[in-house]
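For reference, the structure is listed below as structure tokens.
Every read-out reported here was derived from the displayed coordinates using simple, explicitly stated rules and does not represent laboratory data. From a predicted model like this one, the values you see are computed outputs, not experimental measurements. Here the Cβ positions follow ideal geometry from the backbone for every residue, glycine too, while neighbour counts run over all protein chains shown.
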Amino acid sequence: MGVVSTSDLGLCQCDAWAWLCSPSPGLSLCASVPASQGQLDKGLAQIVTVILKALTYEEKRGACSVGSNVRDAACYVCWAFARAYEPQELKPFVAAISSALVIAAVFDRDVNCRRAASAAFQENVGRQGTFPHGIDILTTADYFTVGNRSNCFLVISMSIAGFPEYTQPMIDHLVTMKINHWDGAIRELSAKALRNLAQRAPEHSARHVFPRLLSMTQSPDLHTRHGAVLACAEVSHSLYTLAVQQGRPVSDFLDEKAVQGLKQIHQQVSVQPLGPPFF
């Protein structure tokens with residue numbers, strides 16, 4: 001079999017994202033065949049970009065969601081990369097792939113996807129040897145430990161966040177993808193996880209995450225508003241506790257604008273209309 005170009009996969013002439021996230025996971029698995037044999041040409045960067053998006057793909061459908069098959073297939077592609085390419089070929093993508101697999105292994109809603117991401121991470125650590133703190137993370141987030149979702153969100157995430165390469169991507173993922181999740185249990189776990197992770201990155205949480213959460217409390221979407229209110233409570237309490245422990249004034253983390261924003265949440269929630277109900 002010869003080298004497979006991205007144009008052969010229809011990625012250069014069409015929307016690669018739509019191609020991967022079509023209803024059939026077979027299309028995303030299509031990329032894994034040439035990937036596992038190292039037969040993707042210079043379009044590897046484009047493929048990696050699409051795969052990274054696929055690792056978090058989820059779409060609400062009625063009372064449930066679709067996308068777990070796409071995420072699982074994307075994990076397989078990452079697993080195939082480890083077996084097919086030399087470390088120097090994947091070096092430009094190591095930071096992005098490692099962070100994305102850690103996020104999937106810890107924060108994915110479905111246990112099958114968490115375990116698939118853990119397996120892909122392990123394969124890359126073993127064959128590539130370039131993932132930051134790979135062995136340490138594997139001993140914490142192996143196939144069996146990621147089976148418990150609460151343990152992943154609240155315990156394993158804290159352990160991995162001790163490595164600075166992963167701390168901010170994990171926090172940003174929770175704010176972007178999980179605080180507004182359709183599943184209430186995920187929103188609650190995400191708020192608690194942000195509370196814990198704020199201890200690891202207090203400056204980032206105070207200066208960037210908290211203002212964003214405050215703005216999300218005014219969202220017309222009920223899921224977003226609920227998750228943001230929970231997260232604001234958890235993060236503000238975490239930052240207050242950290243300030244007390246360190247003997248610092250609370251204003252070092254929560255300035256007057258942030259405090260006023262907290263006080264006004266109940267008023268804004270009362271006057272800000274929700275979007276149309278979804279049936």
Could you pull out the pairs from K178/K257; K91/K192; K60/K192; K178/K263 whose alpha carbons sit more than 28 Å apart here? K91/K192
Can you check what the net charge comes to around V125, using other residues whose Cβ is under 12 Å from the Cβ of V125 (Lys, Arg +1; Asp, Glu -1)? -2
Go ahead and collect, in residue order, the members of region 194-225 whose backbone nitrogen is under 15 Å from a label point 7 Å along the Cα-Cβ direction of D252. 199-207
Ordered by residue, what ³J(HN,Hα) values in Hz, to whole numbers, does region 259-265 give under the Karplus form 6.51 cos²θ - 1.76 cosθ + 1.60, where θ = phi - 60° and Gly and Pro are x? 5, 5, x, 4, 5, 8, 4
Nearest-0.05 FRET efficiency for K53 and H204, computed from C-beta distance (R0 25 Å): 0.60
Report the local net charge at D221: Lys and Arg +1, Asp and Glu -1, summed over other residues whose C-beta lies under 13 Å from its C-beta. +3
In whole Hz, with x marking every Gly and Pro, tabulate ³J(HN,Hα) for region 68-77 from phi via Karplus 6.51 cos²θ - 1.76 cosθ + 1.60, θ = phi - 60°. 5, 5, 5, 5, 5, 5, 5, 4, 5, 4
Excluding A105 itself, calculate the net charge of residues whose Cβ lies under 12 Å from the Cβ of A105, where each Lys or Arg counts +1 and each Asp or Glu counts -1. +1
